[in-house]
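Encoded as structure tokens, the structure appears first; notes follow it.
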Amino acid sequence: MKKAAAIDIGTNSMRLLLATILDGQIVYRHKEINTTRIGKAVDENRHISEEGIRINIEAFSAFVKQARDWGAEEIAAIATSAVRDAANGEAFASLALEKTGVEIKIITGEEEAILGYKGVLMGASTTNSKLMVIDIGGGSTELIIGDDREILKAISLNMGAVRMTERVITTDPVNPEEEEELYKEIKAILNKEIVNLKEHKAEMLIGIGGTATTIAAIHQELEPYDPDRVHKYSLSIEEIKGLLISLKSLSLEERRLLKGLHPKRADIIVAGIAIMVTVMEELGFKELGISEYDNLEGMLI
């Protein structure tokens, strides 16, 4: 057996996976998350702030130490939307390498999409169905279509829960004018790829990442979060719309008190679910399945 670790530095949060691997299969897995929001204001400034660098170097160093103390023989690390968009993203990765000895690979949106899809397949039952995987991150949304043999289409769109919140939402609760503008922005970005996505005619939609897993956690009022109850959970589009209606009517402080919703995600969850609902409506999906296996497991593959 081999012990390995994977770290994902996303726009909103940094995540750690500790895994034991036997004959190419994960036999033990444990995940942790730290909401470090390295992407704060990157959409506007194209720059990671000094505070963002400090917080994320500290968090990354702590995860690396935890992985080494646990006995990981290898540590893989990636950075996604915010770091690849930032002018000082490479400088951040170089500083992290200097501090920890672990290289952070800044990956493209397409590479991020592929890793997520591979992770989903690891956690799914074997199926010949054509799947679409949606990964709504803080800075970008990845959409991947394929089956258990190959990926047919993988795209990355510059719309994420943090990015769209910073662009559009200033009111608390969200007022109707900003909600309308939010949907307008999401549709404008999505429509650039809508024809290419529709032609593949995916039969199932699987969601990964913080927005998707949070939808499942809120719907079940999970406290504490339970990955086993989230994995393979499913919701109809009507149930997701119902959650969105409830959430957008609440103030930020009221959302922070909800069971299943991490307080540090409360300010961006409305935009995240709005992206999910829009994708489902525009592509004709009536149901969303949730996977706890994502790009962290994909990295190990």
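The values are calculated or read from the model by the stated rules, or taken from the named source; none is laboratory data. It should be emphasised that the depicted structure is a prediction, and the values quoted were computed from it without experimental measurement. So basically every Cβ, Gly included, is an ideal-geometry build from the backbone, and we count neighbours across all protein chains shown.
Taking THR100 as the residue in question, decide whether it is buried (at least 17 other Cβ atoms within 10 Å of the Cβ), more than 20 Å from LYS264 (Cα to Cα) and hydroxyl-bearing (Ser, Thr, Tyr). It would help to see each step written out before you state the result.
Numbers: buried (at least 17 other Cβ atoms within 10 Å of the Cβ): yes; more than 20 Å from LYS264 (Cα to Cα): yes; hydroxyl-bearing (Ser, Thr, Tyr): yes.
Taking the combined requirement at face value, the residue satisfies it.
Look through the stretch 203-232, keep the residues that are in contact with a Ser or Thr (Cβ under 7 Å, 6 or more places away or on another chain) and among the aliphatic types (A, V, I, L, M), and return whichever of them is nearest to LYS259 (Cα to Cα). Among them, the one singled out is VAL230.
When the stretch 225-256 is examined, which residues are found to be among the hydrophobic types (A, V, I, L, M, F, W, C) and either assigned by TED's automatic domain parsing to the domain that holds ASN12 or part of a strand (DSSP E or B) (or both)? The answer is LEU235, and nothing else. If you go through the stretch 226-247 and pick out every residue that is among the acidic types (Asp, Glu) and touching a His at 6+ places or on another chain (Cβ under 7 Å), you end up with 1. Comparison of ILE269, ILE301 shows that the only residue that is at pLDDT below 95 and among the β-branched types (Val, Ile, Thr) is ILE301.
When restricted to residues that are at pLDDT below 95 and either within 24 Å of ASP228 (Cα to Cα) or β-branched (Val, Ile, Thr) (or both), the stretch 131-141 contains 3.
Taken as a whole, the structure leaves LEU243 outside the set of residues that are over 21 Å from ASP267 (Cβ atoms), buried (at least 19 other Cβ atoms within 10 Å of the Cβ), among the hydrophobic types (A, V, I, L, M, F, W, C) and under 20 Å from the mean Cα position of the chain (by Cα). Residue check: LYS3 meets all listed conditions (1) more than 21 Å from the chain's Cα centre (by Cα); (2) in a helix (DSSP H, G or I) but one, namely (2).
Which of the residues spanning the stretch 42-76 are more than 26 Å from MET122 (Cβ to Cβ), within 18 Å of the chain's Cα centre (by Cα) and either not β-branched (Val, Ile, Thr) or not in a helix (DSSP H, G or I) (or both)? If you could, list the steps in order and put the result at the bottom.
Applying the first criterion (more than 26 Å from MET122 (Cβ to Cβ)) to the stretch 42-76 yields 42-58, 61-62, 65.
The next check asks that each one be within 18 Å of the chain's Cα centre (by Cα); those that pass are 42-43, 56.
Residues satisfying the conditions are ASP43, ASN56.
Name every residue in the stretch 257-276 that is surrounded by fewer than 18 Cβ atoms within 10 Å (Cβ to Cβ) and either part of a helix (DSSP H, G or I) or not assigned by TED's automatic domain parsing to the domain that holds LYS192 (or both), in order of residue number. The answer is PRO263, LYS264. The requirement of being within 21 Å of the chain's Cα centre (by Cα), surrounded by fewer than 17 Cβ atoms within 10 Å (Cβ to Cβ) and among the small types (Gly, Ala, Ser) is not satisfied by ALA19.
When LEU288, LEU222 are screened for being touching a helix residue (DSSP H, G or I) at 6+ places or on another chain (Cβ under 8 Å) and either assigned to a strand (DSSP E or B) or under 15 Å from GLU142 (Cα atoms) (or both), only LEU288 passes. Scanning the stretch 148-164 for residues that are in a strand (DSSP E or B) and either buried (at least 16 other Cβ atoms within 10 Å of the Cβ) or without any contact (Cβ under 8 Å) to a residue 12 or more places away in the chain (or both) gives ILE151, LYS153, ALA154, ILE155, SER156, LEU157. Residues in the stretch 118-131 that are under 22 Å from ILE194 (Cα atoms) and either in contact with a helix residue (DSSP H, G or I) (Cβ under 7 Å, 6 or more places away or on another chain) or surrounded by fewer than 21 Cβ atoms within 10 Å (Cβ to Cβ) (or both): SER129, LYS130.
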